[in-house]
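This report refers to the structure that appears directly beneath it.
The values are calculated or read from the model by the stated rules, or taken from the named source; none is laboratory data. Just so we're clear, the structure is a prediction, and the values are computed from it rather than from any experiment. No Cβ is skipped: glycine too gets one built from the backbone with ideal geometry, and neighbour counts run over all protein chains shown. Side chains included, ligands, DNA and RNA excluded: accessible areas come from the protein's heavy atoms. Shrake-Rupley method; radii C 1.70, N 1.55, O 1.52, S 1.80 Å.
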Amino acid sequence: MIALNSENRAAIAARHPEIFRPSWRRRSMIVTGLGAAVGVFVFGIVQLDIPLNRLSDGIFMLGGFLRLMLPPDPGSWALALTCLHALGETLSIAFLGTLGGALLAFPASLLAARNVVANRIIHFLARRSLDTVRGVDTLIWALIWVGVVGLGPFAGILALVCSDFGTFGKLFSEAIEAADKKPVEGIQAAGGNHLHGVRFGLLPQVIPILLSQVLYYFESNTRSATIIGIVGAGGIGLQLAEQIRVLEWQKVSFLILLILVAVSAIDWMSSRLRFAIIGRRAIA
Amino acid sequence: MRAAIPELPQARLRELTDHYASAVAEKRRQLWLGSALLVGAVLAAGWMGDVDPWKFSENFWRFPAYFANMVPKFSFTSAWADLSEWFWGLPRWTRLLGDTLLIAYVGTLSGAIGGFVLCFLASANLVRSRTIVFLTRRALEFCRTVPEIVFALIFVLAFGLGPLPGVLALAIHTMGALGKQFAEVVENIDSKPIEGVAASGGSWLQIVRFGAVPQVLSNFASYALLRFEYNVRGAAVMGFVGAGGIGQDLIEAVRKFYFTDVSAILLLIVATIMIIDFITERVRHHLIGLQGAGT
Amino acid sequence: MLVVEGLTCRFGTKAAVDDVSFSVAPGSFVGVIGRSGAGKSTLLRMINRLADPSEGRILFDGVDITALRGRELRQWRARSAMIFQQFNLVGRLDVLTNVLMGRLATVPVWRSLVQLWPEADKAVAMSALEQFDMAQIAAQRADQLSGGQQQRVAIARALVQEPDIILADEPIASLDPRNTRIVMDALLRINKHFGITVVCNLHSLDLARSYCDRLIGMAAGRVAFDGAPAALTEHIARELYDLEANEVIGGAPVKAPDAAAIPALGSVAA
């Protein structure tokens, strides 16, 4: 049958030389790409002076830690209550941080949206300053705010407000720019001024989207809020860092478990709310 | 003026407005209820989070003062000398920034490879065994939900101070996050090519290689780049817990109140992140435009 | 010789295929006809083992196909080439690679994974493409082709599997009349010149009558008719198709080319 035809392989090869010639160009491109990726990887390991021989010892030690972690156990009721209180603090930080960041970011995002403020300079400045704020990690903001208002959850709230301000500002302004132009034109054609257009044409379109984005970030902020305690900005991270430092592994695993449960609960709740607000189809 | 709209009799008008009001009443009630809940939540959270407006307003002056301290002395007559004094540690900081980028790169790449391998096991359309899918998913979720800095804290104890725990922490977190995103992409692919390859007698690996991978590769690359962007930020703070990179110098400068050093390092970090964001965004747009040309 | 014994497939409580038995002699061209939802597709997918039977057996040359696992199952799938209504090509890959998918069961796994196909396999694939006049588009991406071209690529893929039997699941349902003709003629050529058994699901009764040596009519998962096309009276056809009858019966009868007039494979491009 068809295999018979391969007896005249030479003839087929002669008719389609481009298929049978090894494609050096394509192959060399793939090899160069992979080589570069691996090269940088190896360079990184050498440059960072990563002691690969410590890898096996470390993994062995990790195994030991893991054994010590089981079963998770807060040790005493008093500590369990402290941990729960810290968790409450974390959730408060996440909630107020997200809310504050969103409230502050909303006017800023209007300035940064090209279809609201037509002035190029304002637009450029707003964008760049949002980028600058966004470039500073939450943990760094926490460090700064601890310096200003002292240790405690309040510094954490302010840190989240700051980093969310940058993130939301960018997300919001992109959502606003992606909105449909036609309703705005309709308002203006009916005699409305630019502000009317924004208020009645633009905002009703984007508010549900913005709300859904805020809810989406609530989950990721809960995770951020669990760690800012490491630099002293309140919440469960403080406990966690402390227990790791004193090698109380069962308490560590109890705290991690608490964090997992809290984050999953928030995730579940925020996605339920998002579906309620904008419906399943439009999840960005 | 000509009246195109006739004036309604009072009774009719009242009837219509009442109708409208009752129609929107339910919506309005929900809005009120929502606002009340929100205010309640804010108050509860404020109480829980020790929010003290008094303390805040009393101490607020410190915030601008803090930033004012960070501004170095600078005059145009001695611009060069002032600048070089401000950025006195530039060679060391550039090296540390380079380290930070490398930590992010090595961590992202290892994590992406791990996520790539695991995502296929977590996809219900490729794996028949519910148990494997369930277990892989839970493992990925665990890696994703525990913040990378917590991994770093623990790894520093196991592997010692230095970039190694930072790289590993980023790698594990990235594996979880990308694995989950990748699996979502894989579950949404067209099933027909997979069936075609299976019907020709392809093994599981071949089905994945030829049926699934060509469909998802460009999406995967785009997600991995986005994660790299995120990991550069993450790597910048790894030094806070002794896991390498520029964070070490930053936290030291903050703790010891070397204000101008703080601002110099912060500026360098922000500039680096902006450049990385710019480049990855360009590459991602290019990737989306290509939408997987072959392989 | 393909033997199907008491084959049943249930989805929940509903039986898509219900106690079906028949045997197919080597070299025959069998048409499976019936309304949509009669279980034709599930029957073919069970023979290729894309769907698992709930009861019953499938035997090929005395080997129980339903018991195969792992490597043996994959080799059986290669021997029973499947052609789909929606072609099921990998759109992002080029035409040649798509045809080479038919060699997966024989090429060493590592070679296939890094796409270092053996020269001999490439030659077979190109030869198959030449037979359908598609050699010059071997390097194009499959999703840029028309439906008719895609189905011909899929047939080329089936052919390089060197199958004993070809299972075609509504191969022409997504094609226009001209491409319908090309594809059905190709199946007929493969059947007559290489003696490969073809089992083909068809919705259209006229096509089935003109191309097949034997028809199996299915209704509600059961075999309702089994015999030569001539034995299928209008009365039986109406019962088979019920409400859809007018849609598939009547209309211009399609005339199949007689076997002598079919050009030999390979003669087109040579």
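Would you confirm whether or not the range B:35-51 contains a residue that is free of Cβ contacts under 8 Å to residues at least 12 places away in the same chain, surrounded by fewer than 11 Cβ atoms within 10 Å (Cβ to Cβ) and under 30 Å from B:ALA253 (Cβ atoms)?
Restricting attention to the range B:35-51, the residues satisfying the condition of being free of Cβ contacts under 8 Å to residues at least 12 places away in the same chain are B:35-51.
If we keep only those that are surrounded by fewer than 11 Cβ atoms within 10 Å (Cβ to Cβ) too, we end up with B:35-37, B:39-40.
Narrowing further to those that are under 30 Å from B:ALA253 (Cβ atoms): none.
Within the range B:35-51, none of the residues are free of Cβ contacts under 8 Å to residues at least 12 places away in the same chain, surrounded by fewer than 11 Cβ atoms within 10 Å (Cβ to Cβ) and under 30 Å from B:ALA253 (Cβ atoms).
Scan (1) of a type in the set (A, V, I, L, M, F, W, C); (2) touching a Phe, Trp or Tyr at 6+ places or on another chain (Cβ under 6 Å); (3) away from chain C (no Cβ under 14 Å) for the single condition B:VAL197 breaks and write down its number.
Single failed check for B:VAL197: (3).
Condition check ((1) more than 17 Å from the chain's Cα centre (by Cα); (2) more than 30 Å from B:GLY211 (Cβ to Cβ); (3) touching a residue at least 40 places away in the same chain (Cβ under 8 Å)) across all residues:
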| residue | (1), (2), (3) |
| --- | --- |
| B:SER222 | no, no, yes |
| B:LEU225 | no, no, yes |
| B:GLY234 | no, yes, yes |
| B:ASP249 | yes, yes, yes |
| B:ALA264 | yes, yes, yes |
| B:ILE276 | no, yes, yes |
| B:THR280 | no, no, yes |
| B:HIS285 | yes, no, no |
| B:ILE288 | yes, no, yes |
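Against the condition in a helix (DSSP H, G or I) and touching an Asp or Glu at 6+ places or on another chain (Cβ under 7 Å), how does B:LEU101 come out, does it pass? So that I can check it myself, show each step before the final result.
Numbers: in a helix (DSSP H, G or I): yes; touching an Asp or Glu at 6+ places or on another chain (Cβ under 7 Å): no.
In short, no.
If we scan the range C:4-12, do we find a residue that is of a type in the set (A, V, I, L, M) and either assigned to a strand (DSSP E or B) or open to solvent by 40 Å² or more (accessible area, probe 1.4 Å) (or both)? Please lay out each step first, then the result.
As a first pass, look at the range C:4-12 and keep what is of a type in the set (A, V, I, L, M): C:4, C:7.
Add one more test, that the residue is either assigned to a strand (DSSP E or B) or open to solvent by 40 Å² or more (accessible area, probe 1.4 Å) (or both), and what stays is C:4, C:7.
Yes; the residues of the range C:4-12 include at least one that is of a type in the set (A, V, I, L, M) and either assigned to a strand (DSSP E or B) or open to solvent by 40 Å² or more (accessible area, probe 1.4 Å) (or both).
For the range A:113-126, enumerate the residues that are part of a helix (DSSP H, G or I) and open to solvent by 60 Å² or more (accessible area, probe 1.4 Å).
Matches in the range A:113-126: A:ARG120, A:ILE121, A:ILE122, A:PHE124, A:LEU125.
Do you know which of the residues in the range B:118-130 that are more than 22 Å from the chain's Cα centre (by Cα) and assigned to a helix (DSSP H, G or I) is surrounded by the most Cβ atoms within 10 Å (Cβ to Cβ)?
Step by step, filter the range B:118-130, then rank; the result is B:PHE120.
Quick one: would you say A:ARG245 is in the same structural domain as A:ASP180 (by TED's automatic domain parsing), in contact with a Leu (Cβ under 9 Å, 6 or more places away or on another chain), basic (Lys, Arg) and within 22 Å of A:ALA80 (Cα to Cα)?
On the way: in the same structural domain as A:ASP180 (by TED's automatic domain parsing): yes; in contact with a Leu (Cβ under 9 Å, 6 or more places away or on another chain): yes; basic (Lys, Arg): yes; within 22 Å of A:ALA80 (Cα to Cα): yes.
Judged against the criteria, A:ARG245 is a match.
Could you check how many residues of the range B:199-220 are free of Cβ contacts under 8 Å to residues at least 24 places away in the same chain, open to solvent by less than 10 Å² (accessible area, probe 1.4 Å) and among the small types (Gly, Ala, Ser)?
The number of residues fulfilling the criteria is 5.
If I filter the range B:25-32 for residues that are farther than 30 Å from A:ILE157 by Cβ, part of a loop (DSSP other than H, G, I, E, B), open to solvent by less than 90 Å² (accessible area, probe 1.4 Å) and not assigned by TED's automatic domain parsing to the domain that holds B:TYR230, do I get at least one hit?
We begin by selecting, within the range B:25-32, every residue farther than 30 Å from A:ILE157 by Cβ; these are B:25-29.
Subset that is part of a loop (DSSP other than H, G, I, E, B): none.
No, every residue in the range B:25-32 fails to be farther than 30 Å from A:ILE157 by Cβ, part of a loop (DSSP other than H, G, I, E, B), open to solvent by less than 90 Å² (accessible area, probe 1.4 Å) and not assigned by TED's automatic domain parsing to the domain that holds B:TYR230.
I want to confirm something. Restricting to the range C:70-90 and keeping residues that are open to solvent by 70 Å² or more (accessible area, probe 1.4 Å) and free of Cβ contacts under 8 Å to residues at least 24 places away in the same chain, which single residue is nearest to the other protein chains (Cβ to nearest Cβ)?
C:ARG71
Just for the range B:131-185: of the residues that are out of contact with any Lys or Arg (no Cβ under 7 Å at 6 or more places or on another chain) and not in a helix (DSSP H, G or I), which one is farthest from B:GLU229 (Cα to Cα)?
Filtering the range B:131-185 for residues that are out of contact with any Lys or Arg (no Cβ under 7 Å at 6 or more places or on another chain) and not in a helix (DSSP H, G or I), the one farthest from B:GLU229 (Cα to Cα) comes out as B:LEU161.
Could you identify the single residue in C:VAL95, C:VAL32, C:VAL63, C:VAL17 that is open to solvent by less than 10 Å² (accessible area, probe 1.4 Å) and closer than 28 Å to C:ALA120 by Cβ? Break it down stepwise before answering.
Details: C:VAL32 fails: closer than 28 Å to C:ALA120 by Cβ; C:VAL63 fails: open to solvent by less than 10 Å² (accessible area, probe 1.4 Å); C:VAL17 fails: closer than 28 Å to C:ALA120 by Cβ.
The match here is C:VAL95.
Restrict the check to the range C:89-98 and report whether at least one residue is touching a Pro at 6+ places or on another chain (Cβ under 6 Å), at pLDDT below 90 and of a type outside the set (A, V, I, L, M, F, W, C).
yes
Go through the residues of the range C:90-107 one by one and say whether even a single one is in contact with a strand residue (DSSP E or B) (Cβ under 9 Å, 6 or more places away or on another chain) and within 24 Å of C:ASP19 (Cβ to Cβ).
no
Quick one: which strands (runs of 3 or more DSSP E) lie wholly within the range C:147-223 and hold at least 1 residues that are open to solvent by 40 Å² or more (accessible area, probe 1.4 Å)? Write out each step before concluding.
On the way: elements: C:165-169, C:197-201, C:214-219.
In the range C:147-223, C:214-219 are the strands (runs of 3 or more DSSP E) which contain 1 or more residues that are open to solvent by 40 Å² or more (accessible area, probe 1.4 Å).
Among (1) farther than 17 Å from A:GLN250 by Cβ; (2) surrounded by fewer than 13 Cβ atoms within 10 Å (Cβ to Cβ), there is one condition A:SER129 misses while meeting the rest; what is its number?
Result: A:SER129 passes all but (2).
Would you point out which residue out of A:SER173, A:SER129 is within 14 Å of A:ALA108 (Cα to Cα), out of contact with any Lys or Arg (no Cβ under 9 Å at 6 or more places or on another chain) and of a type in the set (S, T, N, Q)? Step through it out loud before you land on a result.
Details: A:SER173 fails: out of contact with any Lys or Arg (no Cβ under 9 Å at 6 or more places or on another chain).
Sole residue among the options that is within 14 Å of A:ALA108 (Cα to Cα), out of contact with any Lys or Arg (no Cβ under 9 Å at 6 or more places or on another chain) and of a type in the set (S, T, N, Q): A:SER129.
Which of the residues spanning the range C:143-166 are within 9 Å of another protein chain (Cβ to nearest Cβ) and β-branched (Val, Ile, Thr)?
Narrowing the range C:143-166 to residues within 9 Å of another protein chain (Cβ to nearest Cβ): C:154, C:157-162.
If the condition is that a residue be within 9 Å of another protein chain (Cβ to nearest Cβ) and β-branched (Val, Ile, Thr), then C:VAL160 is the only one that fits.
Looking only at the range A:127-139, filter to residues that are β-branched (Val, Ile, Thr) and either touching an Asp or Glu at 6+ places or on another chain (Cβ under 9 Å) or assigned to a helix (DSSP H, G or I) (or both); which one of those is farthest from B:LEU268 (Cα to Cα)? Can you show your working first?
Filtering the range A:127-139 down to residues β-branched (Val, Ile, Thr) leaves A:132-133, A:136, A:138.
If we keep only those that are either touching an Asp or Glu at 6+ places or on another chain (Cβ under 9 Å) or assigned to a helix (DSSP H, G or I) (or both) too, we end up with A:132-133, A:138.
Values: A:THR132: 11, A:VAL133: 13, A:THR138: 17 Å.
The qualifying residue farthest from B:LEU268 (Cα to Cα) is A:THR138.
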